[in-house]
Amino acid sequence: MTANVKEIEIPKKPLPLIGEIQTMYHVGKFIFKKPVTVQYPEEKGDIPERFRYRIFLSPESCIGCTLCQQICPNHSIKMEVWDLSSQNTGAHAIKTARGVRENAQNKRHLYPDVNFGTCTVCRNCEEICPTNAIYLTHEFETARTRNSFTYSPQELTMQEKDVIK
Ligand code: SF4
Ligand code: SF4
């Protein structure tokens, strides 16, 4: 009785010189190309059009309806009391999904804050907001040294460079 043993083909090793030429060819292909990396933060790469991160708030458009808080899947939004009446932003005309609304007010002075430590940038808050008061932007440089990742309603209105880190 003979054993049915298959012969195993051992791949032939290329000649050492051919391997070196192949390596030099592959290195040479990239040597004159522009690097794909950038020297961040001095240089900044192109941001894709659909990229989104830092949330902003237009308090003059917010009517305190709390829908953004309710839709947020991981409780990153809480409503805070912020009395803006002294800044005369209480009554005005704002554009809503159902047309322009005159003398819209935030009677309870409730505005959203956002915890960027848990926000997953899902954009639910922006989509549900009836007045486009809360929206995501291309801003992404939110690194900070303080303990809290929560932006108060007031901080959500500020440019990133003005927020206390
Ligand atoms: S930001 Fe929009 S959804 Fe949130 S409370 Fe204000 S109006 Fe309502
Ligand atoms: S984008 Fe962030 S804050 Fe807005 S609903 Fe999604 S997780 Fe919540």
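The values are calculated or read from the model by the stated rules, or taken from the named source; none is laboratory data. What you see is a predicted model, and the numbers here were worked out from it, not measured in a lab. With ideal geometry, Cβ positions are generated from the backbone for all residues, glycine too; neighbour counts draw on all protein chains shown.
Yes/no matrix, rows are residues, columns are (1) closer than 22 Å to Ile164 by Cβ; (2) within 15 Å of ligand 2 (Cβ to nearest atom); (3) touching a Cys at 6+ places or on another chain (Cβ under 6 Å):
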{"site": "His109", "(1), (2), (3)": "no, no, no"}
{"site": "Gly117", "(1), (2), (3)": "yes, yes, no"}
{"site": "Val121", "(1), (2), (3)": "no, yes, no"}
{"site": "Ala143", "(1), (2), (3)": "yes, no, no"}
{"site": "Asn147", "(1), (2), (3)": "yes, no, no"}
{"site": "Thr150", "(1), (2), (3)": "yes, yes, no"}
_Test: residue in region 153-160 that is surrounded by 12 or more Cβ atoms within 10 Å (Cβ to Cβ), within 13 Å of ligand 1 (Cβ to nearest atom), in contact (Cβ under 8 Å) with a residue 60 or more places away in the chain and within 15 Å of the chain's Cα centre (by Cα)_ = yes
*Mind checking which residues of region 118-157 are among the hydrophobic types (A, V, I, L, M, F, W, C) and within 9 Å of Phe56 (Cβ to Cβ)?*
Ile134, Leu136, Leu156
*Take the residues of region 123-138 that are over 19 Å from Val163 (Cα atoms) and out of contact with any Cys (no Cβ under 9 Å at 6 or more places or on another chain): which is farthest from ligand 1 (Cβ to nearest atom)?*
Arg123
*Scanning for something exposed (fewer than 10 other Cβ atoms within 10 Å of the Cβ), assigned to a loop (DSSP other than H, G, I, E, B) and modelled with pLDDT under 90, does region 21-30 turn up at least one residue?*
no
